[in-house]
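Bear in mind that the values in this text are calculations on the coordinates, not laboratory data. The model shown is predicted, which means the values in this text are computed figures rather than measured ones. Every residue, glycine as well, gets a Cβ built from its backbone with ideal geometry; the counts of neighbours run over all protein chains shown.
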Amino acid sequence: MFKRFILLTFALFIAMSIAVSAHTKNVVIQGHHGKLFAVIQTPKNKKTYPMVIILHGFLANKEMPLLKTLADNLEEKGIASIIFDFNGHGESEGKFEDMTISNEIEDTKKVYNYVRKIPEVTSISMVGHSQGAILAGMVAGELGEDKIKCIALMSSAISIFDDSVRGIFLGRKFDPINLPEYLEIHKGINVGRAYLKDIQTLPVETISQKFKGRAYMIHGTSDFLIPYTDSIRYHFIFQNSEIHLLTGFDHNFTQDITRPDKCVTDFFVEELLEK
């Protein structure tokens, strides 16, 4: 009996040690449309570290394997990250149909203001996927390179702004002059009039190009949801940028998420860690 007790105690100790070594922390941040649920992941055995804000895309959330794996990769290299659900997504508060590009920009700024107060954080950068890439570019443009060290855009989706002027969003048609109250994207999933107005009127390029820091774009050539030419376009928007096209990869890089994650991780390691 005593031996069994010792073995159980030891097993519990090991389990607790593994949990602690993960260096993850769940936090709640007040966003634009309610509470935002986030996960901070920090590298082991480091007193200070750069921080990367990870921004998910339209209809996604912080549990997306592409982004969770990226957070793990960054941690292994000595870089912290925070990934959160935007309003109306995942665990965060708010209704999806009330979500807009503008209030997601405000959500991102709320998260930025939260992490900049963490004493161990030496710099803040951002990476976004799809709609999250749009947000990364715009927030970086608004805050400037003195506050945002560098950015990475994965499968950036800037063409949704052009399509919206013609009355098209993700293949769904609408009247671009008389915007509907709601537009159904999938069965039971709607975006609101405010979202459609945002993607018609926000000066995404004008705001984004204000960012003069380092920018990195990665996109799959077989992305049939958002064309890879969107990333080429961003390559011209940002003066100090580079682009990597992955042949045969789709919008979410489902062929092999480790490929784009390694590319993005390598970019941040080069830009954020001491040479």
(message) Order 31-43, 147-159 from most to least packed using the mean count of other Cβ atoms within 10 Å.
(response) 147-159, 31-43
(message) What is the sum of charges, Lys and Arg at +1 and Asp and Glu at -1, for the other residues whose Cβ falls under 12 Å from the Cβ of K68?
(response) -3
(request) Apply the Debye scattering formula to region 38-80, with a single equal point scatterer on each alpha-carbon and no solvent, then give log10 I(q)/I(0) at q = 0.25, 0.28, 0.29, 0.32 Å⁻¹. (result) -0.85, -1.00, -1.05, -1.20
(request) Would you compute, from DSSP H runs of 4+ residues alone, the mean residue ellipticity of the chain at 222 nm, taking -39500 (n - 2.57) per run and dividing by the full residue count, rounded to the nearest 500? (result) -12000 deg cm²/dmol
(message) Over 29 Å between Cα atoms: which of K62/K262; K95/K212; K110/K149 fall into that group?
(response) K95/K212
(message) Please arrange Y182, Y216 by how many other C-beta atoms lie within 10 Å of their C-beta, fewest to most.
(response) Y182, Y216
(message) Just to confirm the number: angle between the C-alpha axis of helix 65-76 and the first principal axis of the chain, 0 to 90 degrees, nearest 10?
(response) 50
(message) Test of understanding: ordering E242, E93 by Cβ neighbours within 10 Å, fewest first, what list do you get?
(response) E242, E93
(message) Please compute the volume of the convex hull spanned by the alpha-carbon atoms of region 140-275 and report it per residue in Å³.
(response) 126
(message) So if I take the alpha carbon set of the chain, get Rg, then get Rh from the Kirkwood formula, what is the Rg over Rh ratio?
(response) 1.02
(request) Take the Cα atoms of region 121-184, find their three principal axes, and give me the spread along each one in whole Å, biggest first. (result) 47, 20, 18
(request) Quick one, can you get me the convex hull of the C-alpha atoms of region 69-153 expressed as volume per residue in Å³? (result) 103
(message) Using the Kirkwood radius over C-alpha pairs as Rh, can you work out the diffusion coefficient of region 165-243 via Stokes-Einstein at 25 °C, viscosity 0.890 mPa s, in µm² per second?
(response) 168
(message) Can you compute the radius of gyration and Dmax for region 221-275, using only the Cα atoms, both in Å?
(response) 12.6, 38
(message) I need to check one value: relative contact order of the chain, counting alpha carbon pairs closer than 8 Å and at least 6 residues apart, in percent.
(response) 17
